[in-house]
Amino acid sequence: MNKVDVQRALESMNLVDEYSDQDLVLMGKKLCEWFDDDVETRKPWTDRSEKWLKLATQVVEKKTFPWPNAANIKYPLLTTAAMQFSARAYPALVPGPNLVNGLVIGLDQDGEKSKSATRIGRHMSYQLLYEMKGWEEDMDRLCLTLPIVGCLFKKTYRDDLKNVNRSDLVLPQDLVVDYYAKSIDEASRKAHVIYKTANQVKERVNAGLWKDVDLGKPVSLSEDFKTRDIIQGTQEPKESTATPYKFLEYHCWWDSDNDGYEEPYIITVHYDSQQVVRIIVRYDLDGVQTNAKDEVIKIEPIEYFTKFGFIPNPDGSIYDLGFGLLLGGINETVNTLTNQLLDSGTLNNLQSGFLGKGIRIRGGNTKFIPGEWKPVDFTGDDIKKHIFPIPTKEPSDVLFKLLETLVTSGKELASVAEIMVGKMPGQNTPATTTMATIEQGLKVFTAIYKRVYRALGVEYQKLFRLNTLHTDDVVYFTINEPQGPQGQQVYKTDYDPKQIGVKPNADPNVVSQAQKLM
């Protein structure tokens, strides 16, 4: 590939027509094989992730052991930990209308860079809150889901159909990364599973973004939405116009010109028919290194995905640790002990046993109401000799103490002690002691906030890059100030990566209202 080929590829909205039908068939088949292999390699992780989600959402499941409909209480340890993290993280990471700060790079002798940084900060904050619909809602969902599964992803890109910037939340179930990847940036291939209805597919075909191919009828997606159906208590309906097709948007490397060097592409393929509908490049001119003969030496790909991690995995895996993994075992043990105590109480309250043959009573269940006496066809001298109740004990104090110990241990791990969930300390506790206790309890959360803050900065930088490419010469917008709506403007020349940078306005070191006031 030479520089001319690079420029032509960058200008194309879809490179599918430049490939033969045979090449497209081989490409679609290969991508689907990659997807199936990568899905299989991480199946144990996805199974555990589904288990954590059901545990956190308190899904009610019937038990058949030790008897039908036995107690199956789920203690909300994981749920409380996730909700407490979300309640603190969401307002700390999305602090009001000013979400982005512009950063001046280098000297600013005349103050023009500072003015540009201010305009960029206001414009990008306006974009995130008002133009990019669903962004704030996705951040809310991220703060609640992240502590459960351990990692989530945001996909920042340009929506060619609507001509707007997007930054969508992507669950790890929908982003399949190859087994050997140690980071999302260095992954040789990653597949984003997307679902589009026939009407949405037609819109992309009409806009020239996708190739017009026969997709056939939609195939059942019950396996893809199995966990959601269990949590919500729903089931897949009959096939209709609302039934979506399953596509794989592959961000991968592919040797398109058979020169022995693979180039970064985004290839969209319909999973069931294995037909390729779109091929676009995943780089720009700034990322292409050439020699004196204009031959390509190296291509630096553009990364669309940003990983938000909770606690780094010690083994270096791309999937970070969440409360689902850290608290799952303790939570399951607490559930078991709670159910054993309830079952023990049930056995002790509703006794059962053996009846001698000498007693003639009607078989089946016999129910009593207070003050009722039932006649028995018995003429023996002692009815108690023919009735033997199975000996039972009241719920064990030992199990109850063990239950308390495990709950306390789980709360310490999740930093959700009583004082951290809003309960008042003792009456004689000094205020300084209370503040010190809260500060220590927030240490774990502060470290996690910094990781999320770092990822948020990467997302903002990707949005900054999109603005450098797609912003008009002058953009007018309105923001709400305390004194009323104020008209603002930003210029395309403001978005100069050599002069201005961006960072989140949130402070990862300040997570409580008292700290903000101080």
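The values are calculated or read from the model by the stated rules, or taken from the named source; none is laboratory data. The model shown is predicted, which means the values in this text are computed figures rather than measured ones. Here the Cβ is made from the backbone with ideal geometry for all residues, glycine too, and neighbour counts use every protein chain on show. Surface accessibility is based on the protein's heavy atoms, side chains included, excluding ligands, DNA and RNA. Shrake-Rupley method; radii C 1.70, N 1.55, O 1.52, S 1.80 Å.
Picking from LEU325, LEU342, which residue would you name as being modelled with pLDDT of 85 or more and farther than 30 Å from GLU249 by Cα?
LEU342
Can you tell me how many residues within segment 255-271 are charged (D, E, K, R) and under 16 Å from TRP34 (Cβ atoms)?
2
Answer yes or no: is there a residue in segment 311-322 that is assigned to a strand (DSSP E or B), open to solvent by less than 40 Å² (accessible area, probe 1.4 Å) and in contact (Cβ under 8 Å) with a residue 40 or more places away in the chain. Please lay out each step first, then the result.
Step one: filter segment 311-322 for residues assigned to a strand (DSSP E or B), giving 311, 321.
Narrowing the set further to residues that are open to solvent by less than 40 Å² (accessible area, probe 1.4 Å) leaves 321.
Among the residues that remain, those that are also in contact (Cβ under 8 Å) with a residue 40 or more places away in the chain are: 321.
Yes - at least one qualifying residue is present in segment 311-322.
Among the residues of segment 203-217, how many are under 22 Å from ASN163 (Cβ atoms), over 29 Å from the mean Cα position of the chain (by Cα) and among the charged types (D, E, K, R)? First the steps, then the outcome.
Start the filter on segment 203-217 by keeping residues that are under 22 Å from ASN163 (Cβ atoms), which leaves 203-212.
Cutting the leftovers down to over 29 Å from the mean Cα position of the chain (by Cα) gives us 205-208, 211-212.
Then drop every residue that is not among the charged types (D, E, K, R), which leaves 211-212.
Qualifying residue count, segment 203-217: 2.
Quick one: THR227 ticks every box in (1) surrounded by 15 or more Cβ atoms within 10 Å (Cβ to Cβ); (2) under 28 Å from ASP178 (Cβ atoms); (3) polar (S, T, N, Q); (4) more than 20 Å from the chain's Cα centre (by Cα) except a single one, so which number is it?
Tallying (1) surrounded by 15 or more Cβ atoms within 10 Å (Cβ to Cβ); (2) under 28 Å from ASP178 (Cβ atoms); (3) polar (S, T, N, Q); (4) more than 20 Å from the chain's Cα centre (by Cα), THR227 fails exactly one: (4).
Do we find a residue being part of a helix (DSSP H, G or I), touching a helix residue (DSSP H, G or I) at 6+ places or on another chain (Cβ under 9 Å) and open to solvent by 30 Å² or more (accessible area, probe 1.4 Å) anywhere in segment 262-285?
Yes, segment 262-285 contains at least one residue that is part of a helix (DSSP H, G or I), touching a helix residue (DSSP H, G or I) at 6+ places or on another chain (Cβ under 9 Å) and open to solvent by 30 Å² or more (accessible area, probe 1.4 Å).
Within the set of pairs 6+ apart or on separate chains, which have a first residue in segment 5-26 that is over 23 Å from LEU161 (Cβ atoms), a second that is outside any loop (DSSP other than H, G, I, E, B) and of a type outside the set (A, V, I, L, M, F, W, C), and C-beta atoms under 9 Å apart?
Matching pairs, first to second residue: VAL6/GLU263; VAL6/THR290; VAL25/GLN275.
When segment 44-100 is examined, which residues are found to be of a type in the set (Asp, Glu) and free of Cβ contacts under 8 Å to residues at least 12 places away in the same chain?
Of everything in segment 44-100, those that are of a type in the set (Asp, Glu) and free of Cβ contacts under 8 Å to residues at least 12 places away in the same chain turn out to be ASP47, GLU61.
Pull out all pairs, ordered by first then second residue, where Cβ-Cβ is under 6 Å, the residues are six or more apart or on different chains, the first lies in segment 28-40 and is surrounded by fewer than 16 Cβ atoms within 10 Å (Cβ to Cβ), and the second is outside any helix (DSSP H, G or I).
Close Cβ pairs (under 6 Å, with a partner that is outside any helix (DSSP H, G or I)) amount to LYS29/GLN274; VAL39/VAL176.
So, of the residues in segment 329-354 that are in contact (Cβ under 8 Å) with a residue 60 or more places away in the chain and of a type outside the set (S, T, N, Q), which turns out to be surrounded by the most Cβ atoms within 10 Å (Cβ to Cβ)?
Checking each candidate, the answer is VAL334.
So in segment 386-399, with the set limited to residues that are part of a helix (DSSP H, G or I) and free of Cβ contacts under 8 Å to residues at least 60 places away in the same chain, which one is farthest from THR338 (Cα to Cα)? Don't jump to the end; show me each part of the working.
At the first step, the residues of segment 386-399 found to be part of a helix (DSSP H, G or I) are 386, 397-399.
With free of Cβ contacts under 8 Å to residues at least 60 places away in the same chain added as a condition, the list becomes 386, 397-398.
Working: HIS386: 35, ASP397: 12, VAL398: 12 Å.
Across segment 386-399, the extreme among qualifying residues is HIS386.
Hey, could you check segment 49-93 for residues that are surrounded by 14 or more Cβ atoms within 10 Å (Cβ to Cβ) and of a type in the set (Lys, Arg) and say which is farthest from LEU337 (Cα to Cα)?
That would be ARG88.
Would you check which residues across segment 427-477 are among the aliphatic types (A, V, I, L, M), at pLDDT below 90 and not in a loop (DSSP other than H, G, I, E, B) and list them? Talk me through it step by step, then tell me what you get.
Filtering segment 427-477 for residues among the aliphatic types (A, V, I, L, M) gives 431, 435-436, 438, 442, 444, 447-448, 452, 455-456, 458, 463, 466, 469, 474-475.
This time we only want the ones that are at pLDDT below 90, so: 431, 435-436, 438, 442, 444, 447-448.
The answer is ALA431, MET435, ALA436, ILE438, VAL444, ALA447, ILE448.
Identify, from the list ILE359, ILE383, ILE369, the residue that is in contact (Cβ under 8 Å) with a residue 12 or more places away in the chain, over 30 Å from PHE464 (Cα atoms) and open to solvent by 40 Å² or more (accessible area, probe 1.4 Å).
ILE383
Of all residues in segment 94-105, which are open to solvent by less than 60 Å² (accessible area, probe 1.4 Å) and not in a strand (DSSP E or B)?
VAL94, PRO95, GLY96, LEU99
Only one residue in LEU146, LEU152, LEU128, LEU142 is assigned to a strand (DSSP E or B) and either basic (Lys, Arg) or open to solvent by less than 40 Å² (accessible area, probe 1.4 Å) (or both), so which one is that?
Details: LEU146 fails: assigned to a strand (DSSP E or B); LEU128 fails: assigned to a strand (DSSP E or B); LEU142 fails: assigned to a strand (DSSP E or B).
Every option except LEU152 fails the conditions.
Here are some residues: SER183, SER220. Which one is farther than 16 Å from TYR250 by Cβ, touching a Ser or Thr at 6+ places or on another chain (Cβ under 9 Å), in contact (Cβ under 8 Å) with a residue 12 or more places away in the chain and of a type in the set (Ser, Thr, Tyr)? Break it down stepwise before answering.
Working: SER183 fails: touching a Ser or Thr at 6+ places or on another chain (Cβ under 9 Å).
Only one candidate passes the filter, namely SER220.
Pairs, please: C-beta under 8 Å, at least 6 apart or cross-chain, first residue touching a residue at least 24 places away in the same chain (Cβ under 8 Å) and in segment 128-156, second in a helix (DSSP H, G or I) and basic (Lys, Arg)?
Correct list of pairs: THR156/LYS462.
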